[in-house]
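What follows is one structure encoded as structure tokens, with my remarks underneath.
The numbers here are math on the coordinates, done by the rules we state, and not lab data. Quick caveat, the model's predicted, so the values are computed rather than measured. Cβ sites come from the backbone with ideal geometry, for glycine too, and all protein chains shown count toward neighbours.
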């Protein structure tokens with residue numbers, strides 16, 4: 001009897017081609033996507049963190065330090081920039097502190113390293129310090145730069161640290177003999193050479209950042225986008241999870257359209273004065289408003305429980321919420337009109353939502369992905385929605401600065417609505 | 001006067017011809033029963049009139065105006081076969097929703113919802129959720145939602161399917177009120193006795209065509225004849241066929257017909273006795289729509 005049941009179910013599965021395809025394609029699709037996003041392929045290129053470097057000291061020590069940093073495989077050191085809007089072949093100009101801060105604030109780079117004037121002198125007194133301007137939107141990059149900075153100091157300036165050690169020895173234990181001094185002076189250049197040679201070997205940034213060698217120089221961190229960002233990741237995950245669940249809600253709402261089709265209610269409604277276009281617009285508006293309410297509840301929860309700063313970002317939040325829900329509601333309409341059954345809708349929605357959430361950064365921050373994955377992520381509206389929310393909550397962006405995200409999300413919504421209207425023609429008089 | 005006229009309607013789905021030139025008229029104030037076995041094309045015809053299915057050819061006129069596309073059907077009310085209502089809304093909310101979708105608003109909507117609740121006998125359950133209703137109550141509300149906007153022509157696709165006889169009678173009482181208010185009704189059903197009891201005219205559809213139409217008595221006269229059907233059970237099978245009788249599957253059951261029961265029946269039974277058979281039971285019936293339907297389609301009509 002069990003064999004009979006197995007036969008019945010396997011035949012049923014074989015004859016439901018969509019379900020059959022989903023059974024095998026779904027795991028392969030997820031495996032490939034997640035392997036690309038979270039796996040080795042994604043992380044190898046991830047480690048190239050863009051670092052803006054401003055050398056206010058312009059000494060041999062500062063140049064050596066910056067050169068050592070430039071050799072780090074995990075960093076992309078930029079001492080010059082091309083002004084925004086300039087032609088591609090326009091010459092790059094050196095960075096200064098103000099410009100670097102502005103670029104970090106606008107999200108062009110996650111971190112800027114300022115080597116201040118007097119750095120080399122201070123270094124000789126074991127009190128060398130650098131300033132690190134951080135974008136809290138990327139909590140990983142500053143830590144990575146800090147670790148690699150300590151490594152670079154040691155490998156770029158080993159002779160200085162050796163000499164510091166000898167000076168301290170003499171201070172507390174008495175002077176070296178002339179012969180010893182002579183030998184040490186001859187040896188120190190070799191130490192410098194040794195450090196440079198060792199440093200030119202390929203570095204595994206992820207494995208060596210920090211490396212337990214903190215403290216050679218002092219790093220003075222400063223968040224450039226305000227001082228209210230102690231719970232920055234909360235707003236990131238609030239937005240990330242919200243967008244993902246908005247998609248699930250939208251697909252469920254799409255499923256309710258199919259349910260109405262099955263029960264005959266949709267047919268009856270279409271037989272009234274309403275018409276298909278107004279029916280779809282009505283459903284889209286309902287899903288959009290429901291989604292907006294969901295997002296509001298989620299962010300209010302974030303505000304009261306996790307101290308998310310919603311109060312100071314209400315205009316940006318409202319704009320981003322409306323355009324994001326407009327796009328997700330449109331997505332739900334496309335799903336409903338494209339799928340024949342609720343089972344189909346459920347499978348297809350799960351694939352699309354989880355994939356776009358993974359690629360688009362809802363599950364894992366896009367700034368930790370490789371640059372190619374970050375570019376691919378832009379095909380999803382998760383990425384645009386998250387970028388918009390990050391601009392609002394982390395960069396204190398003005399409404400006008402949200403234009404790219406608003407434009408793209410509205411374009412998504414428009415395209416989705418047009419596509420769903422075309423697909424819904426099959427529900428009209430057949 | 002024909003309020004609804006369908007002329008040479010055809011519609012195919014792939015290689016299956018659902019309608020093959022259906023022509024039909026619904027007269028003002030009448031209740032027309034559309035009968036046919038499953039797959040005969042009844043629902044396709046109803047959907048075509050309602051604008052939910054496109055015809056391949058042919059025309060549909062409503063009050064003399066040819067209907068094109070899906071619009072121009074404000075004078076039409078449609079009651080689908082399914083209980084197409086919102087289960088998580090109350091009776092009142094369902095009525096208000098469908099009334100609004102049909103263009104009612106304000107005081108008129110309120111008045112019509114109140115009328116519908118009284119008409120269906122659901123006034124006391126107005127605030128109860130639909131999902132708590134019995135099958136008969138759902139059916140009544142299903143009808144009400146289709147006629148709330150006071151249509152002059154109402155299409156009812158099997159409005160009594162799946163409900164008990166008491167609820168069916170209640171539904172026909174409701175339909176009678178609609179007719180008295182001036183509506184013309186076209187309904188499909190599988191219950192032949194309902195059609196005989198309530199419809200002035202009947203149209204029988206089979207294989208996508210109207211194969212017969214008229215009042216029940218006209219159909220009887222033109223098909224199986226007006227003679228009474230006599231069913232005689234005898235003690236044993238006759239050795240040879242008896243004149244005036246045919247057999248009905250069972251060897252001991254003889255089927256005959258008489259135009260006049262008083263004079264014809266004794267003669268018929270006399271032939272049985274003359275054949276040496278003993279009559280165990282006699283059943284005399286007037287010809288019914290069931291006989292007509294069987295005669296025309298060769299099929300019993302079942303749900």
Ranked list, fewest to most other Cβ atoms within 10 Å of each Cβ, for B:83, A:379: A:379, B:83
Relative contact order for chain A: what percent, with Cα pairs under 8 Å and sequence separation of 6 or more? 18
Suppose R0 equals 30 Å. What FRET efficiency, 1/(1 + (r/R0)^6) with r the Cβ-Cβ distance, do residue B:285 and residue B:134 give to the nearest 0.05? 0.30
Taking springs between alpha-carbon atoms closer than 10 angstrom, which of A:12, A:372, A:32 fluctuates most in the Gaussian network model of chain A? A:12
GNM flexibility winner over chain A from A:134, A:72, A:260 (Cα, springs under 10 Å): A:260
Roughly how tilted is helix A:342-360, in degrees to the nearest 10 and between 0 and 90, from the longest Cα axis of chain A? 20
Under the classification rounded if a/c is under 1.5, otherwise prolate if a/b is larger than b/c and oblate if not, where does the stretch B:227-286 fall, given a ≥ b ≥ c as square roots of the Cα gyration tensor eigenvalues? prolate
Specify the residue with the greatest mean-square fluctuation among A:266, A:322, A:75, computed from a Gaussian network of chain A linking alpha-carbon atoms under 10 Å apart. A:266
Cα gyration tensor shape for the stretch A:313-359, rounded if a/c is under 1.5, else prolate or oblate: oblate
Kirkwood hydrodynamic radius (C-alpha pairs) into Stokes-Einstein, the stretch A:233-356, 37 °C and 0.692 mPa s, D in µm²/s: 214
Hey, for a label at residue B:13 modelled as a point 7 Å past Cα toward Cβ, could you say which residues of the stretch B:30-61 have their backbone N under 20 Å away? B:34-58
Could you check what % of the DSSP bridge pairs in the protein assembly as shown are antiparallel, to the nearest 5? 55
Provide a whole-number value for the mean count of partner chain Cβ atoms within 10 Å of the Cβ atoms in peptide B:171-183. 0
Would you mind calculating the relative contact order of the stretch B:227-286 from Cα pairs under 8 angstrom and at least 6 residues apart, reporting the percent as a whole number? 50
From Cα pairs below 8 angstrom and at least 6 apart in sequence, can you work out the relative contact order of the stretch B:1-152, rounded to a whole percent? 22
Provide the percentage of antiparallel DSSP beta bridges, counting only those with both residues in chain B; round to the nearest 5. 70
Write down the percent of antiparallel bridges among all DSSP beta bridges whose residues are both part of chain A, to the nearest 5. 30
Shielding score for A:314-326, defined as the mean number of other chain Cβ atoms within 10 Å: 0
Shape call for the protein assembly as shown from the C-alpha gyration tensor, a ≥ b ≥ c root eigenvalues: rounded (a/c under 1.5), prolate (a/b greater than b/c) or oblate? prolate
Within 10 Å of each Cβ in peptide B:76-86, how many partner chain Cβ atoms are there on average? Round it to a whole number, please. 4
If neighbour count is taken as other Cβ atoms inside 10 Å, put A:55, A:16 in order from fewest to most. A:16, A:55
Full-extension gain between residue A:93 and residue A:351, please, as 0.36 nm times their residue separation minus the C-alpha to C-alpha distance. 88.3 nm
Express in % the proportion of alpha carbon pairs of chain A at distances exceeding 32 Å. 52
Burial-style ranking of B:11-21, A:387-397, average other-beta-carbon count within 10 Å with highest first, yields A:387-397, B:11-21
